[in-house]
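Each reported figure results from applying straightforward, stated rules to the coordinates on display, with no laboratory input. Keep in mind that what you see is a predicted model, and the values were worked out from it rather than measured. Cβ coordinates were reconstructed from backbone atoms using ideal geometry, including for glycine residues, and neighbour counts include every protein chain displayed.
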Amino acid sequence: QKEVEQDPGPLSVPEGAIVSLNCTYSNSAFQYFMWYRQYSRKGPELLMYTYSSGNKEDGRFTAQVDKSSKYISLFIRDSQPSDSATYLCAMRRDDYKLSFGAGTTVTVRA
Amino acid sequence: ETGVTQTPRHLVMGMTNKKSLKCEQHLGHNAMYWYKQSAKKPLELMFVYNFKEQTENNSVPSRFSPECPNSSHLFLHLHTLQPEDSALYLCASSQEASGVNVRGEQFFGPGTRLTVL
């Protein structure tokens with residue numbers, strides 16, 4: 001079993017739709033949960049950072065963590081073509097080591 | 001230059017060549033990382049330099065050799081690579097503190113696209 005599972009997609013949505021992304025994990029020691037966005041020919045950039053369970057909102061982006069279910073989600077409201085990218089979930093214990101999902105490729109159609 | 005830079009951005013090499021990838025961070029961080037990113041696979045951590053101590057993933061072949069001369073520079077030396085080593089190699093840096101929970105956000109460079117013929 002992979003430590004972090006993420007559906008690679010691809011996911012294609014019309015502009016203005018809500019994009020829903022998720023990851024599941026097996027290691028209950030994970031405490032910090034992140035979403036990275038990676039544009040083509042670029043390195044990943046941190047989008048959202050959450051500690052433990054709960055919700056976090058930043059503009060059009062909402063991250064949710066449910067530690068009891070070992071499930072994290074990212075929602076993108078009012079999606080734009082500029083949101084087209086690969087989204088990577090990542091998580092860590094209380095050390096530096098990040099465990100990543102494989103990434104979901106999202107295309108927002110104008 | 002700001003953030004994390006990597007050179008070269010693209011590299012094509014034969015299996016008998018020796019080459020090096022370079023990474024430089026301008027963020028004042030004390031930890032640097034090499035990752036391998038292959039299509040449809042999670043980022044794979046290869047090496048970490050944290051407080052000048054090296055930690056490595058034991059599954060990384062010896063044909064990859066890291067070097068960290070100081071906290072701002074990181075190299076990945078490559079020799080006798082195989083075609084399956086073709087991938088995007090990403091460098092990252094972060095600020096870590098021993099014994100204290102810190103954010104530890106990792107900042108990534110743009111990567112080196114490596115093709116082994």
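Stretch B:N57-B:T80 to full length: gain in nm at 0.36 nm per residue minus the Cα-Cα span? List each step's numbers first, then the result.
Values: separation 23, 0.36 × 23 = 8.28 nm, distance 1.92 nm.
Extra length from B:N57 to B:T80 when fully extended: 6.4 nm.
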- Choose one of B:Y49, B:F75, B:G111: the residue whose Cα lies farthest towards the positive end of the charge dipole of chain B (beta-carbon charges +1 Lys, Arg; -1 Asp, Glu; about the Cα centre). B:G111
- Counting only the backbone N, which residues of the range A:9-46 are under 17 Å from the spot 7 Å out from the Cα of B:E105 toward its beta-carbon? A:32-39, A:43-46
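How big, on average over all directions, is the shadow cast by the Cα convex hull of chain A, in nm²?
Numbers: hull surface 26.5 nm².
For chain A, averaging the hull's shadow over all directions gives 6.6 nm².
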- Highest-MSF residue in chain A out of A:Y39, A:Y96, A:Y51 [GNM, Cα springs under 10 Å]: A:Y96
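Which GluC sites (Glu not before Pro) in the range B:1-67 pass both tests, a DSSP loop state and at most 10 other beta-carbon atoms within 10 Å? Let's see the in-between values first.
Working: sites: B:E1, B:E24, B:E44, B:E53, B:E56, B:E67; in loops: B:E1.
Passing both the DSSP loop test and the Cβ count: B:E1.
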- Item | Sparsely packed trypsin sites (Lys or Arg not before Pro) within the range B:4-91, loop by DSSP, other Cβ within 10 Å at most 15 | B:R9, B:K40, B:K52, B:R63
- Message: Given all pairs of different Cα atoms, what value in angstroms does the Kirkwood hydrodynamic radius of the protein assembly as shown take?
- Response: 18.3
- Item | Where trypsin sites (Lys or Arg not before Pro) fall in DSSP loop in the range A:2-110, at most 15 other Cβ within 10 Å | A:K2, A:R41, A:K42, A:R60, A:K67, A:R77, A:R93, A:K97
- Return, in residue-number order, each cysteine of chain B whose C-beta is not under 4.7 Å from any other cysteine's C-beta. B:C68
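Could you list the square roots of 5 times each eigenvalue of the Cα gyration tensor of the range B:53-117, that is, the equivalent ellipsoid semi-axes, sorted largest first and rounded to whole Å?
Details: eigenvalues 135, 38, 25 Å².
So the equivalent ellipsoid measures 26, 14, 11 Å along its semi-axes.
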- Query: If each of B:S20 and A:S52 carries a label point 7 Å out from its Cα toward its Cβ, how far apart are those two points in nm?
  - Reply: 4.6
- Query: Using only Cα atoms, what Kirkwood radius does chain B have, in angstroms?
  - Reply: 14.4
- Message: What whole-number distance in Å separates the alpha-carbon centres of the range B:1-64 and the range A:44-82?
- Response: 28
- Message: Given the options B:Y33, B:S62, A:M34, identify the residue whose Cα lies farthest towards the positive end of the charge dipole of the protein assembly as shown (+1 on Cβ of Lys, Arg; -1 on Cβ of Asp, Glu).
- Response: B:S62
